[in-house]
Amino acid sequence: MNITFCCPSLPAGPWLAGLKAALPDAEISVWQPGALPADHAVVWAPPQAFFDEQAQLKGIFNMGAGVDALLELRLPPQATVVRLDDAGMAVQMAEYVCHAVIRHFREFEGYAADMEAGLWSDRKPRRRADFSVGVMGLGVLGERVARALQTFEFPVNGWSRSAKAIDGVNGFVGAAQFNDFLANTQVLVNLLPLTPETQNIMNHATLSQLKPDGYVINVARGAHLVDDDLIALIDSGRLAGATLDVFRVEPLPADHPFWTHPKITMTPHASARTLRDESIAQIAGKIMALERGDGVAGVVDTGRGY
């Protein structure tokens with residue numbers, strides 16, 4: 001079995017060592033133009049030239065949960081495309097979202113500003129029962145986030161394309177229930193895959209339907225959010241603010257207004273990092289399963305985009 005590694009932005013050495021330890025009988029190498037045909041590929045942000053040359057691939061293993069950039073390329077039609085379906089990312093995402101929700105709910109940013117100004121302030125506690133959190137996208141990461149939020153006794157809503165039954169989560173399904181989901185949500189958490197249907201889904205019309213003083217947390221893709229609409233809604237007082245981890249252009253350009261907005265908190269696409277050892281173990285296990293003819297989790301429906 002021949003496996004090729006094509007991740008131009010990452011140092012290949014540690015990944016190759018881990019894959020060789022997990023798959024000792026396989027030939028594993030970094031792709032170079034003119035390389036021999038491979039059976040499977042481990043990729044992140046590969047060039048189109050890679051797939052043009054490796055047209056015979058049986059399996060393409062994406063080193064992340066999001067496959068929107070990969071699906072913009074012309075892929076071998078017979079290849080099974082497989083994404084990471086956790087590999088240590090779900091707990092990181094749950095940590096990040098819970099931190100952002102609690103930081104806003106408890107007004108920790110306001111307390112920090114008061115203390116820096118030398119003020120010993122007293123803020124009226126908010127009612128947790130009124131502070132509903134809505135999670136858009138209930139895949140592996142979204143479900144983990146929804147369950148983690150329940151630990152802190154927030155009312156949790158979930159919205160997904162198809163019905164998902166999660167204990168304690170008030171489920172909304174499809175376009176017919178999207179507006180009801182928004183109207184019942186105080187804090188909106190976006191964990192949707194990026195597809196043509198979900199691009200720009202957080203815009204002036206949709207975000208205006210959140211409860212008064214709504215708050216936005218985007219940890220999926222920057223193209224889900226219309227930047228100018230978010231700023232306008234915050235500046236008008238309709239929304240209270242936002243925590244953003246993903247952006248349309250990354251790194252975020254120095255002149256982007258998000259940098260200086262007092263009610264927008266940002267992190268540099270750090271909500272859930274790929275963990276090498278966990279990812280290698282998952283990819284190796286899935287390669288062996290496909291070779292045996294077994295089914296695997298995380299197979300991408302290229303028609304749906306996730």
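None of the figures in this text is laboratory data; all of them are computed from the coordinates on show. Quantities reported herein were computed from a predicted structural model and do not represent experimental measurements. All Cβ positions, even for glycine, are placed from backbone atoms using ideal geometry, and neighbour counts span all protein chains on display.
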request  = Can you run the Rg to Rh ratio on region 138-179? Use alpha carbon positions and the Kirkwood inverse-distance Rh.
outcome  = 0.96
key: Residue-by-residue Karplus 3J(HN,Hα) for region 289-305, coefficients 6.51, -1.76, 1.60, Hz, glycine and proline x   = 5, 5, 5, 7, x, 8, x, 9, 7, x, 5, 8, 7, 5, x, 7, x
inquiry  = Based on the alpha carbons, how large is the Rg to Rh ratio for region 63-107 when Rh follows Kirkwood?
reply    = 1.23
query = Which whole number in µm²/s is D for region 90-266 by Stokes-Einstein, with the Kirkwood Rh taken over Cα pairs at 10 °C and 1.306 mPa s?
reply = 96 µm²/s
request  = Compute the length gained on full extension between Phe178 and Ser9: take 0.36 nm times their separation in residues and subtract their Cα-Cα distance, giving the result in nm to one decimal.
outcome  = 57.1 nm
Nonlocal amide H pairs with Leu239, under 5 Å, H built at 1.01 Å = Ile234
task = List the residues whose amide H sits under 5 Å from the amide H of Phe172, counting only those 5 or more places along or on another chain, with H placed 1.01 Å from N in the peptide plane.
result = Gly158, Trp159, Ser160
ask   = Of the peptides 85-97, 281-293, how do they stack up when ordered by the mean number of other Cβ atoms within 10 Å, highest first?
value = 85-97, 281-293
message = Suppose only helical runs count, i.e. DSSP H with n ≥ 4. What mean residue ellipticity at 222 nm does that imply for the chain under -39500 (n - 2.57) per run, divided by all residues and rounded to the nearest 500 deg cm²/dmol?
response = -9000 deg cm²/dmol
request  = Please state the charge dipole magnitude for the chain, taken about the Cα centre, from unit charges on C-beta atoms (+1 on K and R, -1 on D and E), reported in debye and rounded to the nearest 20.
outcome  = 520 debye
query = Tell me, what HN-Hα J-couplings in whole Hz come from the Karplus equation 6.51 cos²θ - 1.76 cosθ + 1.60 at θ = phi - 60° for each residue of region 261-273, using x for Gly and Pro?
reply = 6, x, 10, 10, 9, 10, 9, x, 6, 10, 5, 8, 7
inquiry  = Among Leu210, Gly139, Tyr111, which residue has its Cα furthest toward the positive end of the charge dipole of region 103-218, with +1 on Lys/Arg Cβ and -1 on Asp/Glu Cβ?
reply    = Gly139
request  = First measure r as the distance between the Cβ atoms of Met1 and Glu250, then evaluate 1/(1 + (r/R0)^6) with R0 = 41 Å and state the FRET efficiency to the nearest 0.05.
outcome  = 0.75
remark   = So Glu291 and Glu153, fully extended at 0.36 nm per residue minus their Cα-Cα distance, gain in nm 45.2 nm
key: Spin-label model distance (nm) - Asp227 vs Arg103, 7 Å beyond Cα toward Cβ   = 2.0 nm
note = Taking placed amide H atoms and a strict 5 Å upper bound, the residues 5 or more places from Leu188 or on another chain that come that close are Gly134, Tyr215, Val216, Ile217
ask   = Quick one: which of 180-186, 116-122 comes out on top by average Cβ neighbours within 10 Å, and what's the full order, highest first?
value = 180-186, 116-122
key: Label point distance in nm, Glu72-Ser121, each placed 7 Å from Cα along Cα→Cβ   = 4.1 nm
Dipole in debye (nearest 20) - region 90-266, about Cα centre, beta carbon charges: Lys, Arg +1; Asp, Glu -1 = 480 debye
remark   = Length gained if Asp235 through Thr274 is fully extended, taking 0.36 nm per residue and subtracting the Cα-Cα distance, is 10.5 nm
inquiry  = Can you work out the Karplus-derived ³J(HN,Hα) for every residue in region 217-225? Use 6.51 cos²θ - 1.76 cosθ + 1.60 with θ = phi - 60°, whole Hz, and x for glycine or proline.
reply    = 10, 10, 10, 9, 9, x, 6, 6, 10
ask   = Given a cut-off of 26 Å, what percent of all Cα-Cα pairs of the chain lie beyond it?
value = 50 percent
